[in-house]
1. Excluding same-chain residues fewer than 8 positions from B:K4, which aspartates and glutamates have a Cα within less than 17 Å of its Cα?
2. Restricting to Cα pairs below 8 Å that are 6+ residues apart, what does the relative contact order work out to for segment A:36-100? Please round to a whole percent.
3. Relative to the longest principal Cα axis of chain A, at what angle does helix A:28-38 sit, 0 to 90 degrees, rounded to 10?
4. If amide H atoms are built 1.01 Å from N in the plane of the peptide, which residues on other chains or at least 5 residues away come under 5 Å of the amide H of B:T114?
5. Could you pull out every one of the aspartates and glutamates with an alpha carbon less than 16 Å from that of B:K68, ignoring same-chain neighbours closer than 8 positions?
6. Counting each DSSP H run of 4 or more residues in chain B as -39500 (n - 2.57), what helix-only mean residue ellipticity at 222 nm follows after dividing by all residues, to the nearest 500 deg cm²/dmol?
7. Taking amide H positions as placed in the peptide plane 1.01 Å from N, state which residues far from A:N116 in sequence (5 or more) or on other chains have amide H under 5 Å from it.
8. I'd like the orientation of helix B:20-29 relative to chain B: the angle between its Cα long axis and the longest Cα principal axis, in ° from 0 to 90, rounded to 10.
Amino acid sequence: MDRVNVHFEDVQEGDEITDWPTVDNISRSHFVRYAGASGDFNPMHHDDTVATKVGYPSVFGHGMFTAGVLSHYVTDWVGVGNLRKYAVRFKGQLYPGRNLTITAKVMRKYKEGDENRIDADLSVVDDQGTVLVTGSATAALPSRG
Amino acid sequence: MVDKSIIGTEMGGSSMVVERGKIREFAKAILDDNPAYETEDPPAPPTFTMAMAHWPAPSGGQGASLSKLGLDLLRVLHAGQEYEYLGEIKVGDKLSTRSKISDLTEKEGKRGGTMTFITSETTFTNQRGEDVLIARTILVQTSKAAS
């Protein structure tokens, strides 16, 4: 996706970003790779035997995997290094085979010290309409001036 | 029931050297193909320090563990995560952490029973003594075993 970071002047309160590319065909391999990278080997995320035994239909992704994917859309938008705060809440499980739609909405645009900041609300929804993650981000944006 | 008096309890810490290969591996795992992560001096992805969260505390593990605080780990889920970025994290940095329980609230669950939200706050300090990151992990303990 485009990595042309946004400028403060280009952003207005209420702006919604709904045209980011979806993340398609989430698979067990995604969860296994995230387990390796993060060190989180909770078997619920890679062992179907364990996950189904406690009543889940299959393994499901780490909340922080989805939060990580979401964070990369945010840094592609605002620029790595410009993020000041990032928060997520886990609302639903991500199952293999699902596709993810990631959106953002600018809630506030303001000055803080000498920084031009925005606050945005974030969400990750799967192709069944289940909300998986909600979140918020605060970023300091460069100015064109 | 978890006692509110656990707020402020120190949870001990750990340390980690920020490695270029680990950053690249982590970026790949979150499907981030930003070429910045392929450079000699990559930035750390926003949630990179999760790679540190699962490392055991140094031998002896000073401080209380969650189970010692009265939490039943079988009923505990990760409800949320928050970060405040205070400074840069660079390859080669040695980060040390210190953690404490910073909040505890109770809420009635939709299906009955009490849900207890526990926030553990971790401060990451680099080798120059600068605080570079505050991470908060919000855990929820349901009143019945999760099923």
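Just so you know, all these numbers are worked out from the coordinates, no wet-lab data involved. These numbers were taken from a predicted model, which means no experiment stands behind them. As a convention, Cβ positions derive from the backbone with ideal geometry for all residues, glycine included, and neighbour counts pool all protein chains shown.
1. Excluding near neighbours in sequence, the set is B:D72, B:D103, B:E106, B:E108, B:E121.
2. Details: 41 pairs, mean separation 19.0, N = 65.
Computed value for segment A:36-100: 29 percent relative contact order.
3. Its long axis makes an angle of about 70 degrees.
4. Close amide H contacts, sequence-distant or interchain: B:G109, B:S143.
5. Correct list for B:K68: B:D3, B:E10.
6. Details: 2 runs with 14 residues, N = 147.
Estimated from H runs of four or more residues: -2500 deg cm²/dmol.
7. A:L141
8. So the helix axis and the longest Cα principal axis differ by about 60 degrees.
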